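The values are calculated or read from the model by the stated rules, or taken from the named source; none is laboratory data. Since we're looking at a predicted model, the values are computed, not measured. Note that each Cβ is placed from the backbone with ideal geometry, even for glycine, and that neighbours are counted across all protein chains shown.
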Amino acid sequence: MALTFERKKQVVAEVAEVASKAYSAVGVEYRGLTVTQVTELREKARELGVYMRVVKNTLAKRALEGTEYACMNESLRGPLILAFSMDDLGSAARLMKDATKEMSQLEVQFLSLGGELLPASALEQVASLPTREEALAQLMATMQAPVAKLVRTLNEVPGKLVRTVAAVRDQKQAA
């Protein structure tokens, strides 16, 4: 079924809005997937906070104009799924990394992060980026370490004094 002009405008507006809010994007060729496999992939995408859409390349080019993902326009060839990370930098890459293991027909074509087009080989690196919660936990651990070390150091002074006094007491009792 062909898209009407109004529907095309809606698709372009929707993808443009998502692209303006997304942290990263992945373009994946889906040639050879069944409808069931695409449906499973969409369910996983929803769970991970990834906006996934099959869009005609001409409409995608129009939608990505004026966003930091305009760098992807030259790479839009063939049947592509565009996946945008809405919650953290690596969620779309993690989704596609896991999906390519299960569905051999999926082929990552490109990634975009911070307005820069990355090759498909960068998928592993982007997928390994920490989630927001993991990054905050690492930051808190880093900030806590100097304070904890200071407390241990300050606590050692009276502890050493107590051990010295106890040693002197034991020595006097033994004599």
How many residues of region 1-32 are outside any helix (DSSP H, G or I), small (G, A, S) and over 24 Å from L129 (Cα atoms)? The answer is 2
In region 15-34, is there at least one residue being surrounded by 13 or more Cβ atoms within 10 Å (Cβ to Cβ) and free of Cβ contacts under 8 Å to residues at least 12 places away in the same chain? yes
Please work out which residue is nearest to the chain's Cα centre (by Cα), limiting yourself to region 82-125 and to residues that are among the charged types (D, E, K, R) and part of a loop (DSSP other than H, G, I, E, B). D88
So which residues in region 1-55 are in contact with a Leu (Cβ under 8 Å, 6 or more places away or on another chain), among the basic types (K, R) and within 16 Å of Q109 (Cβ to Cβ)? R53
Kindly indicate which of A122, A145, A141 is without any contact (Cβ under 8 Å) to a residue 40 or more places away in the chain and surrounded by 11 or more Cβ atoms within 10 Å (Cβ to Cβ). A122
Only one residue in E68, E43 is among the acidic types (D, E) and surrounded by fewer than 16 Cβ atoms within 10 Å (Cβ to Cβ). Which one? E43
Sort through G27, G49, G66, G90 and tell me the only one that's farther than 19 Å from A127 by Cα and either among the polar types (S, T, N, Q) or outside the structural domain of L136 (by TED's automatic domain parsing) (or both). G66
Hey, G78 hits all of (1) more than 20 Å from the chain's Cα centre (by Cα); (2) in a helix (DSSP H, G or I) but one; which does it fall short on? (2)
Of the residues V15, V35, V11, which single one is over 24 Å from the mean Cα position of the chain (by Cα) and under 15 Å from L82 (Cα atoms)? V11
Return the only residue of V55, V108 being of a type in the set (A, V, I, L, M, F, W, C), in contact (Cβ under 8 Å) with a residue 40 or more places away in the chain and over 29 Å from L136 (Cβ atoms). V55
Out of Q138, Q125, report the one residue that is among the polar types (S, T, N, Q) and not assigned by TED's automatic domain parsing to the domain that holds V50. Q138
Residues in region 91-105: is at least one within 26 Å of A135 (Cα to Cα), modelled with pLDDT of 90 or more, crowded, with 20+ Cβ neighbours inside 10 Å and of a type in the set (D, E, K, R)? yes
Among the residues that make up region 39-53, is at least one of them farther than 18 Å from L113 by Cβ, more than 19 Å from the chain's Cα centre (by Cα) and outside any helix (DSSP H, G or I)? no
